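One structure is given below, encoded as structure tokens.
Just so it is clear, none of the values below were taken in a lab; they were calculated from the coordinates. Computed from a predicted model, the values in this text were never measured in an experiment. Heads up, the Cβs are rebuilt from the backbone with ideal geometry, glycines too, and the neighbour counts pull from every protein chain shown.
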Amino acid sequence: MKPVNAGPGAPIEGERRPKSDEEGLASLAERGEAPANGHKHYFEGHGDFDSKASLAANLASAANVPSFGVRPSGRSAPRGLDSISDPIYGALDLGTNNCRLLLARPSRRGFRVVDAFSRIIRLGEGIGQSGRLSEQAMDRTLEALKVCAGKLQRHRVARARMVATQACRVAENGQSFVAKVRDSFGLDLEILTPEIEARLAVAGCATLVDPEAEFVLVFDIGGGSSEIIWLDMTRLGSRRDVLTGRTDVNDAIVAWESLPVGVVTLAERFDGRTVTPESFAAMSDAVAKLLAPFEAKHRFCERLAGRRVHLLGTSGTVTTIAGVLLGLERYDRKRVDGIWLNVAEIDEVTARLLGLSYEGRVLEPCIGRERADLVLAGCAILDAILKLWPAERLRVADRGLREGILMRLMMEDGVWRTGRRRRGRSRRPSNGYAP
């Protein structure tokens, strides 16, 4: 059975889509070929964007911290939108495994991408054994950040917020590395707390919550940590208000946890290259032990009995599973973002990947060599979650911190707009960003 994309961004039946906007821009950017204009709106194709405005409230409560980045002196936020003269905003997410940058201008319905960059840097490589960021990992990361700094300067970015997560959070030399980045490139990285990271994960995918659900588990399987957030949607006056912007979905959070395990740390511990059914089970069991105290404290297994529940995954693990299941020749977020999977389909893909050698996984278009030793570690984390909290459905979200950061910066400057689509205008489906 093929997964069903029941969201507002379902692709047209039989349509062949090009590489996603962001992936295409990222690959062009690395070659210095990213076009200066003509990028598609990330939020187009999702109908009346008033229904997406919940992020204004979600992000406000998600991050009670200052936004970093400096607006050039004497420059004020413009009122006319969707113009080449509008300011460019930036969001940089330095994770344990990836360094990702997104630059965008405000538009009439969200924002328009100007440039993007993504590179696997494995900053957290070996941190589980040494407790420190290695020289090789820092060198790789500095090379990627040099590219990011160049893009920020070349595009004359008005405001930017740059964040780092688990690797910098736990490494003994994390703070000194952040200081080195600031001294080398003028990039002021903010190390997010686990709570803010968890809340931003919820805010970033709020509109993918099924309004009929009573409980929703949001999870983000990262490189060095995994965020687990339970939402009790019955706490909100009207669950549909989450989608209309009249209710802050963070009010539904009843429990959250940041597990000190991610795809990089788990793969290093159990050898992600050579994975057997036995070692996969051991990985899943290790994660289950980390989840056990959280379940013992909150007793969700009992609370979920007879209730309408679904899972919402924001990580690369679930997007990869969806891409493999769809048989994509190359990853296409428009086909993946918002898609619904059932547990049998997830088990099918996991078993298929487990039956492949490392080189076999390398040949999978949605995995490749850079992720071939990490994908089964992610599947093991997901396996542990599904065994503890069984659910019939899981929704996939290909969106995250950068999109939330951009929206928050634009909201603060009063340039965030979510205008209605004109009557009679074609509603061509597209899985553009609409957190």
Quiz prompt | Inter-label distance for residue 234 and residue 307, nm, one decimal - labels placed 7 Å from Cα along Cα-to-Cβ | solution = 0.6 nm
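Let me know the shape class of segment 85-235, please: from the alpha-carbon gyration tensor, a ≥ b ≥ c as square roots of the eigenvalues, rounded when a/c is under 1.5, otherwise prolate if a/b is greater than b/c, or oblate.
oblate
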Quiz prompt | Spin-label zone in segment 374-398 - amide nitrogen under 19 Å from a point set 7 Å from the Cα of residue 297 along the C-beta vector | solution = 385, 388-389
Quiz item: Using θ = phi - 60° and the Karplus form 6.51 cos²θ - 1.76 cosθ + 1.60, what ³J(HN,Hα) does each residue of segment 202-210 get, whole Hz, x for Gly and Pro?
Solution: 5, 4, x, 10, 4, 6, 8, 6, 5
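What shape does segment 311-403 take by its C-alpha gyration tensor, where a ≥ b ≥ c are the square roots of the eigenvalues and a/c under 1.5 counts as rounded, a/b above b/c as prolate, and the rest as oblate?
On the way: a/c = 1.59, a/b = 1.15, b/c = 1.38.
Note, shape of segment 311-403 comes out oblate.
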Self-check item: Net charge contributed by nearby residues that have their C-beta within less than 10 Å of residue 337 (K/R +1, D/E -1)
Solution: +3
Practice problem: Please name whichever of 201, 158, 173 sits farthest to the positive end of the charge dipole of segment 112-207, dipole taken about the Cα centre and charges placed at Cβ: Lys and Arg +1, Asp and Glu -1. | Solution: 158
Exercise. In nm, give the distance between the simple-model label positions of residue 276 and residue 369, each being 7 Å from the Cα along the Cα-to-Cβ direction.
Key: 2.8 nm
Quiz item: For residue 130, what charge total do you get from the other residues with a beta carbon under 15 Å from its beta carbon, if Lys and Arg give +1 and Asp and Glu give -1?
Solution: -1
